[in-house]
Amino acid sequence: MFTKNNTKGGPRIVAIGGGTGLSTMLRGLKLYTTNITAVVTVTDDGGGSGILRQDLGILPPGDIRNCILALANTEPTMEQLLQYRFTEGMLKGQNFGNLFLAAMIGISKNFEEAVKKMSDVLAVSGKVIPVTLDDVRLVAELENGIIIKGESQIPVVQQKENSNIKRIYIEPSHAEPFEEVLVDILNADVIVLGPGSLYTSVIPNLLVDGVGDAIEASRAVKVYVCNIMTQPGETLGYTACDHVKALFEHGLKSLDYIIVNNGEIPHDYMERYIKDMSQPVEYDKNQLESMGIKVVEENLVALKNEFIRHDEQKLAEVIVSLLK
């Protein structure tokens, strides 16, 4: 039995995604195991990551940095430093952790070595790896036929056009997976997709050659952590079933479990999210079970810095419990 804080010999967990959702979940999972592989999307082209990607020709460091920090065993001051964002001058908007990783790339043979060195410096539990080392760009086709190029532009244009996303793809269309991605997926006890932005954090990983097939071939328990709230520019009006259908349409072939939130959202948070065109993700248990997916219902609501997040400890407990 896997217990909290008894991480030695813990389950082999592969967590696939990106953004805030993935790093939040990793903070909880590291209390149960050190055998974690975070497989991270590398399609970000906005903000500080986008600037470094364009100026230095490196993979976007932001999501990688967040996952490294989530799995790190370091002093709070160090984490605060690596999350610091400059507010003035030529570095305004840049994150120090991104610059740290960029500098590490400068003194390393390649990107993957730099990530490993940064992980070693911060005593990371497990490992963080990019889904691919190829320079890929995310493209969306809307139902009205409009094509949007670039991850950062997808939610902006989608809202402007008020047309649902029909499909997501990458350019170039064939990207080689990072060598350890498929190996770790095939050897996993649990594979977790999400939580996080459906079309810009989770699905991009499935578009890399071989990833969907490896997930299907793996004997691991396959879990999707559904978002608590819908996301403007991506999943407005989506139910949990709509999220799953989108995953299947983009390379995922089967799921064992879906974890959904059944907790209530405080009224003041609900009002604010509704104003921002976001609402709780509804789910039809019978419909999901008819697809062969077991539904795990849990109150996972955590309120952090004015945002609704997954409760990292509860979520980790639920995921680990699926192995018992």
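The values are calculated or read from the model by the stated rules, or taken from the named source; none is laboratory data. What you see is a predicted model; the values in this text were computed from it and never measured. Cβ placement follows ideal geometry from the backbone for every residue including glycine, while neighbour counts extend to all protein chains displayed. Side chains included, ligands, DNA and RNA excluded: accessible areas come from the protein's heavy atoms. Shrake-Rupley method; radii C 1.70, N 1.55, O 1.52, S 1.80 Å.
For the chain, a simple Cβ point-charge model (Lys and Arg +1, Asp and Glu -1, everything else neutral) yields a dipole of about 620 debye relative to the Cα centre. Carbon-plus-sulfur accessible fraction, the range 120-189 (probe radius 1.4 Å, protein heavy atoms only): 46%.
Rolling a 1.4 angstrom probe over the protein heavy atoms with all chains in place gives the range 266-324 an accessible area of 62 Å² per residue. Placing pseudo-labels 7 Å out from each Cα toward the beta carbon at Glu75 and Asp276 gives an inter-label distance of 3.4 nm.
Here Lys324 is the anchor, and the aspartates and glutamates within straight C-alpha reach of less than 12 Å, apart from those fewer than 8 places off in the same chain, are Asp189. With the helix formula -39500 (n - 2.57) applied to DSSP H stretches of n ≥ 4, the chain reaches a computed 222 nm mean residue ellipticity of -10500 deg cm²/dmol.
Would you please state the base-10 log of I(q)/I(0) at q = 0.20, 0.22, 0.26, 0.27 1/Å for the range 198-276, with intensities from the Debye formula using one equal scatterer on every alpha carbon? Calculated log10 I(q)/I(0) at the listed q: -0.94, -1.07, -1.34, -1.41. Rg then Dmax, both in Å and based on the Cα atoms of the range 82-131: 12.2, 36. Give Lys117/Lys166; Lys109/Lys149; Lys127/Lys314; Lys294/Lys314 a once-over and call out the pairs whose C-alpha atoms are over 29 Å from each other. Where the Cα-Cα span goes over 29 Å, the pairs concerned are Lys117/Lys166; Lys109/Lys149. Working ranking of peptides 165-176, 237-248 by packing, defined as the average number of other Cβ atoms within 10 Å per residue, highest first, is 237-248, 165-176. Projecting the Cα atoms of Gly48, Gln94, Thr24 onto the dipole axis of the range 1-98, where Lys and Arg carry +1 and Asp and Glu carry -1 at the beta carbon, places Thr24 farthest toward the positive end. The local environment of Gly48, defined by Cβ-Cβ distances under 15 Å, has a net charge of -2 under the rule Lys, Arg +1 and Asp, Glu -1.
Carbon-plus-sulfur accessible fraction, the range 62-103 (probe radius 1.4 Å, protein heavy atoms only): 60%.
Computed on the range 171-321, the Cα convex hull volume stands at 121 Å³ per residue. Summarising the strand pairing of the range 198-324, around 40 percent of its internal DSSP beta bridges are antiparallel. Taking the square roots of five times each eigenvalue of the Cα gyration tensor of the range 244-324, the equivalent ellipsoid has semi-axes of 25, 17, 11 Å, listed largest first. Keeping every protein chain present and rolling a 1.4 Å probe, give me the accessible area per residue for the range 24-83 in Å². Per-residue accessible area for the range 24-83 comes out at 35 Å². Taking the 1.4 Å solvent-accessible surface of the range 199-324 as the whole, the part contributed by carbon and sulfur is 45%.
The length gained by stretching the chain between Glu180 and Glu249 to full extension, at 0.36 nm per residue less their Cα-Cα distance, is 22.4 nm.
All other residues whose Cβ lies under 10 angstrom from that of Gly145 are scored, Lys and Arg at +1 and Asp and Glu at -1, for a net of -2.
Mean sequence separation of contacting Cα pairs (under 8 Å, at least six apart), scaled by the length of the chain, corresponds to a relative contact order of 19 percent. Each 10 Å bin from zero up to the one holding the largest Cα-Cα distance in the chain carries the following percent of pairs: 6, 27, 37, 25, 5, 0.
When DSSP beta bridges are restricted to pairs lying wholly in the chain, around 40% turn out antiparallel.
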